[in-house]
Amino acid sequence: MRKIFLVALFAIVFSAAKAQEAPKLYTLPSPFERYTHYLATVRYSGAMPLGSFSDSYIDKFSARNYSVSLEWVLRNSPLSIGGEIGSNYFQKRIPRAVYQSGDETISAVQTRTITQYPIQVFANYHFLNKTSTIQPYAQISGGAAITDYTVYYGSLAQQKQKIAPAYGIGLGSKFLFKRDGSFGADLRVKYEGTSFKYDYIEKGTSSVNASVGLFYRWW
Amino acid sequence: MLKITSLIILTAVLGLSSCTKDPINDLSTEETLVYVTNRDKTVDYKQYKTFSIVDSVLVVENNQSGTALDEIDRALLNRIIINMQSLGYTYVAPSAKPDVGINAAWVTNTQLNVTTQPSYYGGYWGGYGYGYGYPSYYQYYETSESYWLISMVDFKNANTTDKTFNVVWDAQIRGSGIGSTQLVDQMVNSVFTQSNYLKIK
């Protein structure tokens with residue numbers, strides 16, 4: 001009887017000790033909650049031209065868009081701010097056609113291209129807290145895009161290079177690979193526009209971009 | 001940690017700059033060609049009945065000119081005659097006082113361009129407390145472009161006061177395929193096809 005009592009006592013003491021250890025692990029909040037931390041994201045995206053840019057210049061889907069961003073995720077705030085640089089490329093080939101320009105008639109195969117290097121600052125509003133493995137956010141961004149507009153008539157090029165204001169608004173989500181981990185995936189759908197106007201582009205460029213990204217965060 | 005991040009950013013930047021490619025390298029030789037035609041809109045082409053053509057192609061290079069009659073030139077002139085005839089004009093000898101004359105030329109413009117050496121690379125040795133004293137280094141490079149120029153000259157209504165003939169129509173054939181003998185017929189047919197207002201019958 002005494003023996004049984006001792007075993008039971010030992011069991012109680014041991015489990016109590018274990019129970020005391022356990023809360024210790026979880027009372028310390030994640031460093032990502034405690035500190036303002038950094039987050040770098042590399043994205044690849046597909047883009048579809050919209051509106052008058054699509055109607056009057058290029059209406060073809062583009063799969064040649066990339067970007068990299070760096071952001072500061074603020075402590076005790078649902079906001080993060082950062083900067084993003086990217087590269088977008090749109091192209092469309094039009095079979096031989098006749099174009100009128102004043103008294104001049106031009107027959108050519110036209111290759112329409114536009115290359116943009118947007119450099120923007122952005123702010124993200126996160127809907128869930130930083131410990132969540134899924135972190136949906138809304139984004140607003142603004143900056144400038146270095147734009148190269150080149151229309152080829154056959155092998156002859158007509159080119160215009162200009163820096164134009166750029167802006168965007170998007171919805172996305174971060175998905176952490178591991179709770180409290182450093183790596184994760186980022187999915188984002190974003191409307192992007194610039195006020196670049198030249199020749200065929202009369203009302204600026206606009207497109208909707210869907211991107212897949214990978215991020216790394218640290219403090 | 002910073003190292004890993006720098007690596008990611010560096011990889012991404014390299015990725016961004018390596019994705020440019022020549023958008024027109026998949027064009028066929030025929031597709032590189034551009035046909036440009038101009039007309040005098042005040043002219044009624046129905047007033048002309050006969051035409052003649054130069055006996056060789058004028059070669060103009062940087063304001064110097066000569067003539068040439070190679071295989072490609074002959075092919076070009078013959079194809080012009082065929083097209084003019086099918087539009088309804090009668091081919092006559094230059095001595096028979098034609099209403100219009102056709103000139104064909106191969107024009108090459110060579111330009112000498114100049115650029116200056118950028119001096120901002122000089123900063124590398126700045127650690128020694130010295131800057132770079134750059135003299136003006138210039139670099140020269142040459143670009144040249146050739147094209148066919150076909151023009152129709154009005155002999156019927158010569159401007160008697162300043163003794164000139166008006167050019168009532170012209171065509172330029174440009175692009176990287178213009179030296180191709182196989183494409184000559186197509187080039188000439190194209191400029192006449194897009195100028196159907198020349199038709200007199």
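The values are calculated or read from the model by the stated rules, or taken from the named source; none is laboratory data. What you see is a predicted model, and the numbers here were worked out from it, not measured in a lab. Note: ideal-geometry Cβ built from the backbone for every residue, glycine included; neighbour counts use all protein chains shown.
Just to be sure I understand, how many residues within segment A:121-144 are assigned to a strand (DSSP E or B) and over 30 Å from A:Arg93 (Cα atoms)?
To start, the set of residues in segment A:121-144 that are assigned to a strand (DSSP E or B) comprises A:121-126, A:134-144.
The next check asks that each one be over 30 Å from A:Arg93 (Cα atoms); those that pass are A:121-126, A:134-142.
So the count comes out to 15.
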The number of residues in segment A:150-169 that are over 15 Å from A:Ser206 (Cα atoms) and part of a strand (DSSP E or B) is 12
Assess whether A:Gln120 counts as being over 30 Å from A:Val98 (Cβ atoms) and in contact with a Lys or Arg (Cβ under 8 Å, 6 or more places away or on another chain).
no
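Among what's in segment A:134-154 and is over 21 Å from the mean Cα position of the chain (by Cα) and surrounded by 20 or more Cβ atoms within 10 Å (Cβ to Cβ), pick the residue that is nearest to A:Lys174 (Cα to Cα). Explain how you work it out, then say what you get.
In the first step, residues of segment A:134-154 are kept if they are over 21 Å from the mean Cα position of the chain (by Cα); the result is A:148-154.
Pick out the ones that are also surrounded by 20 or more Cβ atoms within 10 Å (Cβ to Cβ) and you get A:149, A:151-154.
On the way: A:Tyr149: 34, A:Val151: 38, A:Tyr152: 40, A:Tyr153: 44, A:Gly154: 45 Å.
Taking the candidates together, the pick is A:Tyr149.
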Criterion: facing chain B (nearest Cβ under 9 Å) and modelled with pLDDT of 95 or more - qualifying residue of A:Thr113, A:Thr105:
A:Thr113
Flagged in segment A:141-162 as within 12 Å of chain B (Cβ to nearest Cβ) and among the charged types (D, E, K, R), in numbering order, are A:Asp148
Answer with yes or no whether B:Gln186 is touching a Leu at 6+ places or on another chain (Cβ under 9 Å), more than 27 Å from B:Gln111 (Cα to Cα) and either within 13 Å of another protein chain (Cβ to nearest Cβ) or of a type in the set (D, E, K, R) (or both).
yes
Can you name the strands (runs of 3 or more DSSP E) wholly within segment B:38-112 that have at least 1 residues being in contact with a Pro (Cβ under 7 Å, 6 or more places away or on another chain)?
B:50-53
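Listed here are the residues, each with its yes/no results for (1) out of contact with any Phe, Trp or Tyr (no Cβ under 7 Å at 6 or more places or on another chain); (2) farther than 28 Å from A:Val151 by Cα.
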{"position": "A:Ala40", "(1), (2)": "no, yes"}
{"position": "A:Leu74", "(1), (2)": "yes, yes"}
{"position": "A:Ile94", "(1), (2)": "yes, no"}
{"position": "A:Ile106", "(1), (2)": "no, no"}
{"position": "A:Asn124", "(1), (2)": "no, yes"}
{"position": "A:Thr131", "(1), (2)": "yes, yes"}
Quick check on A:Arg64: is it surrounded by fewer than 20 Cβ atoms within 10 Å (Cβ to Cβ) and touching a Cys at 6+ places or on another chain (Cβ under 8 Å)?
yes
Kindly evaluate A:Ile119 against the criterion of being more than 10 Å from chain B (Cβ to nearest Cβ), in contact (Cβ under 8 Å) with a residue 12 or more places away in the chain and of a type in the set (A, V, I, L, M).
yes
Can you name the condition, by its number, that A:Thr131 falls short on among (1) within 11 Å of chain B (Cβ to nearest Cβ); (2) surrounded by fewer than 17 Cβ atoms within 10 Å (Cβ to Cβ); (3) among the polar types (S, T, N, Q)?
(1)
Checklist (1) more than 10 Å from chain A (Cβ to nearest Cβ); (2) in a strand (DSSP E or B); (3) closer than 18 Å to B:Tyr89 by Cβ applied to B:Ala171, failing item:
(1)
Selection over segment B:132-159 where residues are modelled with pLDDT under 90 and among the charged types (D, E, K, R) yields a count of 2
In the set B:Leu27, B:Leu77, B:Leu33, the lone residue that is among the hydrophobic types (A, V, I, L, M, F, W, C), within 14 Å of another protein chain (Cβ to nearest Cβ) and closer than 15 Å to B:Thr181 by Cα is B:Leu33
Let me confirm something: among A:Thr105, A:Thr147, which residue is within 21 Å of A:Ser52 (Cα to Cα), in contact with a strand residue (DSSP E or B) (Cβ under 7 Å, 6 or more places away or on another chain) and assigned to a strand (DSSP E or B)?
A:Thr147
Just wondering, is there one or more residues in segment A:173-182 that are farther than 30 Å from B:Ile178 by Cβ, small (Gly, Ala, Ser) and assigned to a strand (DSSP E or B)?
yes
Which ones in segment A:182-219 are more than 14 Å from chain B (Cβ to nearest Cβ), of a type in the set (Asp, Glu) and buried (at least 20 other Cβ atoms within 10 Å of the Cβ)?
A:Glu192
Of the numbered conditions (1) at pLDDT below 80; (2) assigned to a loop (DSSP other than H, G, I, E, B), B:Asp162 satisfies every one except a single condition; which is it?
(1)
